[in-house]
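Some notes on the structure that comes next.
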Amino acid sequence: MSLDFKVRPEHLLNYVGGTWTPGTGGRTRPNLNPANTDDVIGEFTESVAADVTPAIDAAAAAQADWDAIGPIERAKFLSRAARLVEERLEEFAEAITREQGKRLTEARGEVTRGLAILDFHIGEARRMNGQTTAAEEPRTVVMTFRRPIGVVGLITPWNFPLTIPIWKVAPALLSGCTAVLKPSPLTPLTSALLVQAFHDAGVPRGVLNLVQGDRDAGEALVDDDRVAGISFTGSLPVGQAINRAGAGRLMRAQLELGGKNALIVLDDTDLDAACDAIIHGAYGQSGQRCSATSRVIVDRSVHAGLISRLAPRVRAMKIGPGDEPDADIGPVVNDERHQACLTAIERAVADGAEVVAGGEAAQLESPGYFIRPTLLDNVAWDSDLAQEEVFGPVLSVIVCDGYADAMRISNSVKYGMSGTIFTQNPSLMFQALQDFQAGMLHVNRPGVGAYSHLPHMGAKASQLGAPECSPDVWNFYTDLRSACIRY
């Protein structure tokens, strides 16, 4: 099986004011298949700061008319775009696998989830309500309502190159905002295909714009006073830089940042069920998601039993390109991630951790960024590996003594994206929901993500601003207004 579809020339460009257009600097960046770096998908525009200004110009010019049509009419455009994404599911899935590296089944799952998120927001069009309340004076009506904040910048990562742009674009447009989307330079094609779907759905010129590129484009988007808010998903240092850059002008920020997520296994756990969840959470998408299970905190009394079940399953995982039907795990996205994983493993061993499975690069027939799925035992709870995000298929096992010790270790990191516990004790299930310092919580199930209508958010250094994917998202894209009307 080979994903050798042709990329349309316009998709190598920016999309500004309804037109596909090259960047002014003349620079391009190769888009490589991480499973086979000999496969160059295309040379995409590498935008400079001067390319961002026309995109913001177009968004600003379109905003008033887009706002005026109201959410129910705006939802019709989103509905048409959703049906086009559905019709092009295989094209999107193949693009995701080819440029990001995840398995084709995972890529199809990403498209399906993106569609669910689109459908949720379409349904919200008739529920973007304020409220009426009592007045202190006679013959007076008091009400609240929402207004779009204006032009927004949407800066998205490479690990979910379709879903995350969708969960930013959909509420932005539905709210009446206009947008400039800047995707990761590692996954430019999938975002171009998404913008094409909105173009084909008839979204008016300037409402949605696409600027390809890296830091120069992102900084220009943040620095423009006409951009009322930035929604960013990515690393903690970049998120902090965005927040600092916009703070002086009170720019609104929605930042979803890193994670170092724990799955707690207590002594009454169904170990086979816990292993299923650990495999899914730690090695799905090669561990490259903010909610991935990167730490297993296991009670000392069942530690040996868990390792004896987990280790052979990790060793048996087949490594291969995403379009190989029997592959269990694909590559990491680029050389930087590849080297970061290997360095983290090396440092962990130096700190006393034991490599139970994996621990090294994998060499396949084609040149790619493959890491053997890695299981490290006896990891110290305060070591670098246990505290810092790796973003790859590297799992730490940490031994604890009972519930209180497990929760202490879980909460010892600066991040708070996801928390999971496996136990048969109902009291501890609900106690854990109170004690986890994390945004998305799970009991006796894989600890990744949430449903499309639930808030996608973290705590501590994992999140700043309103959640995504839920009705709470309107607290980012809109301002609340009140009105008192005498009659």
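Condition first: of a type outside the set (D, E), more than 16 Å from L181 (Cβ to Cβ), within 23 Å of the chain's Cα centre (by Cα) and assigned by TED's automatic domain parsing to the domain that holds R226. Can you find one or more residues in region 35-56 that meet it? Yes, region 35-56 has at least one match.
Within region 13-22, is there a residue that is in contact with a strand residue (DSSP E or B) (Cβ under 9 Å, 6 or more places away or on another chain), assigned by TED's automatic domain parsing to the domain that holds H199, aliphatic (A, V, I, L, M) and part of a strand (DSSP E or B)? Yes, region 13-22 contains at least one residue that is in contact with a strand residue (DSSP E or B) (Cβ under 9 Å, 6 or more places away or on another chain), assigned by TED's automatic domain parsing to the domain that holds H199, aliphatic (A, V, I, L, M) and part of a strand (DSSP E or B). Pick from A82, A50, A61, A93: which is in a helix (DSSP H, G or I) and in contact with a strand residue (DSSP E or B) (Cβ under 9 Å, 6 or more places away or on another chain)? After applying the criteria, what remains is A61. Filtering region 446-462 to residues that are out of contact with any helix residue (DSSP H, G or I) (no Cβ under 9 Å at 6 or more places or on another chain) and either within 14 Å of R113 (Cβ to Cβ) or not small (G, A, S) (or both) leaves A450, L454, K460. Scanning region 343-362 finds one or more residues that are hydrophobic (A, V, I, L, M, F, W, C), assigned by TED's automatic domain parsing to the domain that holds N444, in contact with a strand residue (DSSP E or B) (Cβ under 7 Å, 6 or more places away or on another chain) and over 25 Å from Q387 (Cβ atoms). Of all residues in region 373-393, none are assigned to a loop (DSSP other than H, G, I, E, B), more than 24 Å from F422 (Cα to Cα), of a type in the set (D, E, K, R) and in contact (Cβ under 8 Å) with a residue 24 or more places away in the chain.
A single member of V298, V332 is at pLDDT 95 or above, outside any helix (DSSP H, G or I) and over 29 Å from V443 (Cβ atoms), and it is V332.
If you go through region 411-433, how many residues are under 22 Å from the mean Cα position of the chain (by Cα) and crowded, with 19+ Cβ neighbours inside 10 Å? So the answer is 7. Of the strands (runs of 3 or more DSSP E) lying entirely inside region 115-234, those containing at least 2 residues that are under 18 Å from the mean Cα position of the chain (by Cα) are 151-155, 178-182, 227-233.
Restricting D299, D323, D377 to those that are touching a Gly at 6+ places or on another chain (Cβ under 7 Å) and buried (at least 17 other Cβ atoms within 10 Å of the Cβ) reduces the list to D299. Please go through region 236-259 and give me each residue that is outside any helix (DSSP H, G or I) and in contact (Cβ under 8 Å) with a residue 40 or more places away in the chain, ordered by number. Selection gives R252, A253, Q254, L255, E256, L257, G258, G259.
The values are calculated or read from the model by the stated rules, or taken from the named source; none is laboratory data. Treat the numbers as computed from the prediction; the structure is a model and nothing was measured. Glycine also receives a Cβ, built like all others from the backbone with ideal geometry; neighbour counts cover every protein chain displayed.
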